[in-house]
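Step one of this worksheet: look at the structure below.
The values are calculated or read from the model by the stated rules, or taken from the named source; none is laboratory data. Keep in mind that this is a model prediction, so the values were computed, not measured. Cβ atoms come from the backbone with ideal geometry, glycine included; neighbour counts cover every protein chain shown.
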């Protein structure tokens with residue numbers, strides 16, 4: 001697979017913890033706003049990184065499948 005020096009599950013956990021901090025009814029805007037700013041910064045970094053990547057052969061199909069999964073989840077709610 002190549003060089004991998006990160007833990008995707010740990011990254012997800014950190015993002016979930018940030019989301020919890022922002023949406024917690026126990027935190028006010030003074031506490032939550034800086035965390036939300038960090039989430040935006042991560043979003044922009046990820047978007048910029050994806051835009052610099054090449055398109056891979058299975059990517060379109062994979063993205064379509066993921067989008068359909070999201071739609072099904074929305075409809076279940």
Inspect the range 60-74 for any residue being free of Cβ contacts under 8 Å to residues at least 24 places away in the same chain, part of a loop (DSSP other than H, G, I, E, B) and either exposed (fewer than 10 other Cβ atoms within 10 Å of the Cβ) or under 17 Å from the mean Cα position of the chain (by Cα) (or both) and give the result as yes or no.
no
Among the residues of the range 45-59, write down those that are surrounded by 10 or more Cβ atoms within 10 Å (Cβ to Cβ) and over 20 Å from residue 15 (Cβ atoms).
59
Give 39, 50 a once-over and let me know the one that is touching a helix residue (DSSP H, G or I) at 6+ places or on another chain (Cβ under 6 Å) and either modelled with pLDDT of 95 or more or not in a helix (DSSP H, G or I) (or both).
39
